[in-house]
Amino acid sequence: MPPQLGLAIVKADCIRTRTAPGISPAFLMWMLNSPPVRSAASASIKGIGRPRLGLGGLRRLPIPIPPSDEQQRIVAAIEEQVSRLEAAERSLVQAKRRLAILRAATLAAAAAGYEAVEFGALVTNLRYGTSIKCSYDAEGPPVLRIPNVQDGNVDLSDLKFATDADLDLSSFALERGDLLFVRTNGSRDLIGRVASVDGAEGMAFASYLIRARPDRSRLDPRFAVIALSTPASRALIEAKAATTAGQYNLNLAALRSLPVPVPPIEEQRSIVAAMDQPLSLIDAMEGQVDPAPRRSAALRRAILEQAFRGKLVPQDPSDEPASALLERIAAERVATPKPSRRKRKIPA
């Protein structure tokens, strides 16, 4: 049977533990963070409005106890591997930052040196979307939302549908080449994120988005995505975003007044064609980097899982048996007198 932890309440939301002699605090910390123990802790949480793990639940958590020397070997192995993971994670953060800088520089170069025109003069049919309720399992038409505006394109992998299948949403129907903007969000850097519609024709769009229909004789929608995603345009969009109750908003008037660099239409198309390869390469590199944090987290869990199962380091027959350690801890606990509790004095 594993030794009981020495427990004490510290403030209202914390529990302090003190390990018994022969139990490594670092080993116990890693075990408490291992997936099996975390799962057992979750099962012991009580309460709805304010869920908590109580002293009883913490005492009952199953902690495997190897010999003391093996505990030290396990801690050393965990810390070595976690250190490597953290170094790799720092490299990934740097790589992601460099890719963002490369993308920004590539976009800026594509739109540099052209005279700017107010966006409102280049588009028609500028409007907000529908506020109809949607859900994943409804039977109405699909309605695009903020998650569907990704990387300059419409992503249809996360669709919701109107709950009222009989409502006429034809006034919100999208056409190929329409531009969709994120207009409301809690993050300023998401405001004004834009996508060109291709493959979502006929679908409606939600009220958190703005639709603009470019005058195709003056503005190529794919060039518009490039020009409106440059650092200069992003800075203007974020400056125009108003904030209310923690939400940033881009209204129609602010979007209409946004200056957009506009070369001749044929030159716009040439720029779009020339940008296809470098942006595709950046997309591919980001596609390799973006899943890496999830893989790193999975590796971290696997390391702790192996440690919990006793498979991370080899066992040494010359180590003192864990049973002897537990017997000694139990004997010391019995021999140690319990501290007396002082009765609180009630003021007269």
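The values are calculated or read from the model by the stated rules, or taken from the named source; none is laboratory data. If you're wondering where the values come from, they're calculated on a predicted model, not measured in any experiment. A quick note on method: Cβ atoms are made from the backbone with ideal geometry, for glycine too, and the neighbour counts reach across all protein chains shown. Accessible surface is based on the protein model in full, side chains and every heavy atom, while ligands, DNA and RNA are left aside. Shrake-Rupley method; radii C 1.70, N 1.55, O 1.52, S 1.80 Å.
When both region 111-138 and region 272-305 are represented by their alpha-carbon centers, they are found 29 Å apart. Projecting the alpha carbon convex hull of region 13-80 along each direction and taking the average yields 5.1 nm². Other residues within the sphere of radius under 11 Å centred on the Cβ of Gln315, judged by their own Cβ, net out at -2 (K and R +1, D and E -1). Across region 201-313, the mean sequence separation of Cα contacts (distance under 8 Å, 6 or more residues apart), normalised by length, yields a relative contact order of 22 percent.
Roughly how many debye, to the nearest 20, is the charge dipole of region 202-348 about its Cα centre, given +1 on each Lys and Arg Cβ, -1 on each Asp and Glu Cβ, and no other charges?
Details: 23 positive and 15 negative charges, 286 e Å.
For region 202-348, the charge dipole is close to 1380 debye.
Can you find, among Leu281, Ser135, Ala212, the residue sitting farthest towards the positive end of the charge dipole of the chain, where Lys and Arg contribute +1 and Asp and Glu -1 at Cβ? About the Cα centre, the residue reaching furthest to the positive side is Ser135. With K and R counted +1 and D and E -1, the other residues having a Cβ less than 13 Å from that of Leu190 yield a net charge of +2. With both labels modelled 7 Å from their Cα along Cα-to-Cβ, the Leu53 to Ala173 distance reads 5.5 nm. Under a 5 Å amide H cut-off, with hydrogens placed 1.01 Å from N, Val260 pairs with Val117, Glu118, Phe119 among residues at least 5 apart or on other chains.
Counting Lys and Arg as +1 and Asp and Glu as -1, each charge on the Cβ, what is the dipole of region 125-248 about the Cα centre in debye, to the nearest 20? Walk me through the numbers on the way to the answer.
Working: 15 positive and 16 negative charges, 126 e Å.
Computed charge dipole of region 125-248: roughly 600 debye.
Is the C-alpha gyration tensor of the chain telling us rounded, prolate or oblate? Criteria: a/c under 1.5 is rounded; beyond that, a/b larger than b/c is prolate, otherwise oblate.
On the way: a/c = 3.10, a/b = 2.23, b/c = 1.39.
Prolate shape, in that a/c is at least 1.5 and a/b is the bigger ratio.
Taking a straight line from the alpha carbon of Lys96, these aspartates and glutamates sit under 12 Å away, with near neighbours fewer than eight places off in the same chain left out: Asp283, Glu286, Asp290. Axis of helix 292-308 versus longest Cα principal axis of the chain: the two differ by about 10°, to the nearest ten degrees.
Let me make sure I get this right: for region 1-135, a, b and c are the square roots of the gyration tensor eigenvalues over alpha carbons, sorted descending. Under 1.5 in a/c it's rounded, otherwise prolate if a/b > b/c, else oblate. Which is it? It would help to have the intermediate numbers written out before the result.
Working: a/c = 4.45, a/b = 1.97, b/c = 2.26.
Here region 1-135 falls in the oblate category.
Accessible area per residue for the chain, computed on protein heavy atoms with a 1.4 Å probe, is 58 Å².
Taking only the C-alpha atoms of region 176-282, Rg followed by Dmax gives 14.2, 44 Å. If the segment from Gln72 to Ala121 were pulled out straight at 0.36 nm per residue, it would be longer than the present Cα-Cα gap by 10.6 nm. Paramagnetic label reach from Arg309 (point 7 Å along Cα→Cβ; backbone nitrogen cut-off under 17 Å): within region 26-57, residues 31, 34-40. When Thr19, Thr230 are compared by accessible area at a 1.4 angstrom probe, the order from most to least is Thr19, Thr230. Compared with the dominant Cα axis of the chain, that is its longest principal axis, helix 265-289 is turned about 10°.
Magnitude of the charge dipole for the chain, about its Cα centre and with charges confined to Cβ atoms of Lys, Arg (+1) and Asp, Glu (-1), is about 2520 debye. When the P(r) is computed for region 192-348, the part past 22 Å accounts for 70% of the Cα-Cα pairs. The share of accessible area on region 243-348 that comes from carbon and sulfur is 57 percent, using a 1.4 angstrom probe. Between Glu201 and Ala41, the contour length at 0.36 nm per residue exceeds the alpha carbon distance by 52.7 nm. Measuring spread by the Cα atoms of region 51-208 yields a radius of gyration and Dmax of 25.2, 76 Å.
Can you order the peptides 152-163, 24-35 by their average number of other Cβ atoms within 10 Å per residue, highest first?
Values: 152-163: 15.8, 24-35: 17.7.
Ranking, from highest mean packing down: 24-35, 152-163.
Could you point to the residue in Ile271, Ala235, Pro35 farthest towards the positive end of the chain's charge dipole, with +1 and -1 charges on the Cβ of Lys/Arg and Asp/Glu respectively? Going by the Cα projections, it comes out as Pro35.
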